[in-house]
Structure formats: C-alpha cells, structure tokens
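The values are calculated or read from the model by the stated rules, or taken from the named source; none is laboratory data. Since the model is a prediction, treat every value here as computed from it, not as a measurement. Methodologically, a virtual Cβ is constructed for each residue, glycine included, from the backbone with ideal geometry; neighbour enumeration extends over all protein chains shown.
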Amino acid sequence: MNAGKLRHRLTILSPSEEQGATGDVTTSWLVVAVTWASIEPLSGREIMVAQQPVGEATHRVRMRYRAGIGHDYRLQFGERIFEIVSIGNIEERNAEYEILCREAI
C-alpha cells in the first residue's frame, strides 16, 4: 500500500443500540478509530459493475487493515457519512481493506 495515497482523515464508527425506559431502541454511533484512508468516487462504469454483487456503491475506500470492522459500521469523512456495502481484505493478507460504500444522504 502506498502511504502517500492515504490522505483523507477517516473516522470509523460502530453502532450501539440502547433501549430506553419506554422500550424504544435508539442507535448511537461510537468512535472506534481515526485513521488515514483513500476515498475515491466510483466512475459510472464501476458503479454499474458494483451494483451487480454488492448494491449501490458510490465510493471506494482503501485503508490499512483493522480487525473487527463489520458491514454495520459507518465511515465518516468530515461531515460526510459513508455506509459500508462491501469489505474486501486485499489478497487476504490482513494488510489492506478495499471498502465499497454508499454516501448517506
């Protein structure tokens, strides 16, 4: 992985569900880590290919491997929130992730 391409400061968020006194469930987001990553919008062609197996991906995030990140996590870049669609462990070496995301509106 070329560290020079990791130029975006990214916050990894984990969901935490809490049940209130009235029984309603509230989801809050806890900061797991702040790390450097590369965020790229997908081209129209890549989006069409990505929609087949993984849904509506709009961005590709590359970052160093971090154990425990799940599909229910979110990524935050500034005020922008990205929902994880697919997580790929590049070459299964536990060194780099390629994460396909959709930007939350």
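Here are a few things to note about the model shown:
- The residues in segment 1-27 that are at pLDDT 95 or above, touching an Asp or Glu at 6+ places or on another chain (Cβ under 9 Å) and surrounded by fewer than 15 Cβ atoms within 10 Å (Cβ to Cβ) can be counted, and the count is 1.
- Checking each residue in segment 82-105 for being among the hydrophobic types (A, V, I, L, M, F, W, C) and either on the phi > 0 side of the Ramachandran plot or buried (at least 17 other Cβ atoms within 10 Å of the Cβ) (or both) picks out 82, 84, 85, 99, 100, 101.
- Residue ranges of strands (runs of 3 or more DSSP E) in segment 62-105 with at least 1 members free of Cβ contacts under 8 Å to residues at least 40 places away in the same chain and under 19 Å from residue 30 (Cα atoms): 80-89
- Count of segment 28-54 residues, restricted to those that are over 23 Å from residue 94 (Cβ atoms), touching a Ser or Thr at 6+ places or on another chain (Cβ under 8 Å) and either surrounded by fewer than 14 Cβ atoms within 10 Å (Cβ to Cβ) or modelled with pLDDT of 90 or more (or both), is 4.
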